[in-house]
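One structure is given here, and the rest of the page talks about it.
The values are calculated or read from the model by the stated rules, or taken from the named source; none is laboratory data. Since the structure is predicted, the reported quantities are computational estimates derived from the model, not experimental observations. Here Cβ is always computed from backbone atoms with ideal geometry, including for glycine, and neighbour counts include all displayed protein chains. Accessible surface is based on the protein model in full, side chains and every heavy atom, while ligands, DNA and RNA are left aside. Shrake-Rupley method; radii C 1.70, N 1.55, O 1.52, S 1.80 Å.
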Amino acid sequence: MGNSGSTWIQTVAILLRTGNYFWFEEKVTLTQNECNDSALARFLLKSCPLLTKEYIPPLIWGKSGHIQTALYGKMGRVRSPHPYGLRKYLTMPDGATATFDLFEPQSEHCIGEDVTMVICPGIANHSEKQYIRTFVDYAQKNGYRCAVLNHLGALPNIELTSARMFTYGCTWEFCAMVNYIKKTYPQTQLVVVGFSLGGNIVCKYLGESQANQERVLCCVSVCQGYSALRAQETFMQWDQCRRFYNFLMADNMKKIILSHRQVLFGDNNMKKPQSLSDADLSKLYTATSLMQIDDNVMRKFHGYSSLKEYYEEESCLHYLHRIYVPLLLVNAADDPLVHESLLSIPRALSEKRENVMHVLPLHGGHLGFFEGSVLFPEPLTWMDKLVVQYANAICQWEKTKSHCSDTEQAVSGQE
């Protein structure tokens, strides 16, 4: 690994001085309806061992959620592959240009059918991020076509064509991508995957309309917080350094917004968002939290009158109960960005709904979930394996169910 290997060792050594991170492996916490002894639940627990098997992070540093999160934020993944995809451009009704990257499968799927993963990345992320590239490559090798949304305004080489960027819960671009896939591949079935902010978007999208769940086999959400309104207060607290993470994420968002300053704030022929003014640009420069940016800029892209209204309407919390396809919600107990109080949302849902499972390993940080024996992590993470393993199990379940149905109809016809 050369100089990067030396830097890696020095960074981990410094972080380890703050505490002792040697633990034994511990089991994943799986929450579901206690009365859920359905055939699907039994099949999943049998066919998807990662749902109950130990997650074993790297020995020296893997049980620190901060280190896992920091490595994800700084490196994404190690030795990331470079899957080849085609970039697609879609014109939205308001003149915005949505983009997504399409990756074809590299092998036959385990059930021998056409299955597409429609993927929504985390905040300000896109298909070129290392954790997305790693996951897509693994999914391709397991026979999945992958469509990855590039959040509006996130790609540095793609200019905005309307005075609007991605927001916390806007599903327009994701919906356009899914509709394109359904129209272009009429025989394909869909597996919906969302990471962090993307988890909020995909869950909200599915719950917005029953029609959005047509041809969807299942949905997987990883490391989302479920309610921006509830998270708002916790994200300003110094507990688990959330206020510091908030500052770093706000600084990154400022850079992205300011890179589109001319389109969003300048004098041009594009219609500015409601109430977006030069004063908001001045407030953006001095913002130190995501909440300040959301209040002064992001909510105005869709005309929300207050931050409270924006967070209430854009969160998936009020849409989760409308999802009827199998839903896997994954969080880490040591995720420094998601306060433990927010985990009561998926826990309560999984206890009430037979189609929902909540998986909560004790470690993994925010989108980390690295694996490895001692010091250096492996390219593929526990998260990547779990999502694909769960999707494979659901595909096998649906094929078995369809086969049984065909057999019953054949027997009934003979009678």
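The table for this structure:
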item	result
Alpha-carbon Rg with Dmax, taken over the chain, Å	21.5, 77
Loop GluC sites (Glu not before Pro), the range 176-259, which have at most 15 other Cβ atoms in a 10 Å radius of their Cβ (DSSP)	GLU214
Loop-located GluC sites (Glu not before Pro) in the range 49-148, at most 10 other Cβ atoms within 10 Å (DSSP)	GLU108
Apportionment of accessible area to carbon and sulfur, the chain, percent (1.4 Å)	52 percent
Cα-centred dipole magnitude for the chain, charges only on beta-carbon of K, R (+1) and D, E (-1), debye, nearest 20	740 debye
Cα-centre dipole for the range 282-399 with unit charges at Cβ (Lys and Arg positive, Asp and Glu negative), debye to 20	280 debye
Against the rule of thumb 2.2 N^0.38 Å, how large the Cα Rg of the range 169-228 comes out	1.08
Kirkwood hydrodynamic radius over Cα pairs of the range 218-267, then Stokes diffusion coefficient at 4 °C and 1.567 mPa s, in µm²/s	98 µm²/s
Longest segment of the chain lacking chymotrypsin sites (Phe, Trp or Tyr not before Pro) that sit in a DSSP loop with at most 16 other Cβ atoms within 10 Å	85-237
The chain, relative contact order in percent, only Cα pairs under 8 angstrom and at least six apart counted	23 percent
Karplus-derived 3J(HN,Hα), 6.51/-1.76/1.60, for each residue of the range 232-238, Hz, glycine and proline x	3, 5, 5, 6, 9, 8, 7
Å² of accessible area per residue within the chain, as computed with a 1.4 Å probe and no ligands counted	44 Å²
Dipole-positive endmost among CYS146, PHE43, GLY372 within the chain (Cβ charges, Cα centre)	GLY372
Rg/Rh (Cα only; Kirkwood hydrodynamic radius) as it applies to the range 317-397	1.01
